[in-house]
1. Would you tally the residues in region 1-18 being under 16 Å from the mean Cα position of the chain (by Cα) and assigned to a helix (DSSP H, G or I)?
2. Take the residues of region 8-52 that are small (Gly, Ala, Ser) and at pLDDT 85 or above: which is surrounded by the most Cβ atoms within 10 Å (Cβ to Cβ)?
Amino acid sequence: MTLCPVAIAVGCKKCPIFGVCPVKGIIGDYKKEEEAKPKAAPAKPRQARKTK
């Protein structure tokens, strides 16, 4: 739950004290890279169909 007024308005990463904020993961919307949802794997290229 986001309680920080800056995080609600613009997000943690745009806050002027983001680098030193001790509670960005507690009352802000910041999530560590490992905790963030992993992106979908890139789709494999389709193989061309053989023509007769």
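The values are calculated or read from the model by the stated rules, or taken from the named source; none is laboratory data. Note that this is a predicted model, so its numbers are computed, not measured. Cβ: placed from backbone, ideal geometry, glycine included. Neighbour counts: every protein chain shown.
1. 6
2. Taking region 8-52 and keeping what is small (Gly, Ala, Ser), we get 9, 11, 19, 25, 28, 36, 40-41, 43, 48.
Next, from what is left, pick out any that are at pLDDT 85 or above: 9, 11, 19.
On the way: Ala9: 9, Gly11: 15, Gly19: 7.
Among those residues, the one meeting the criterion is Gly11.
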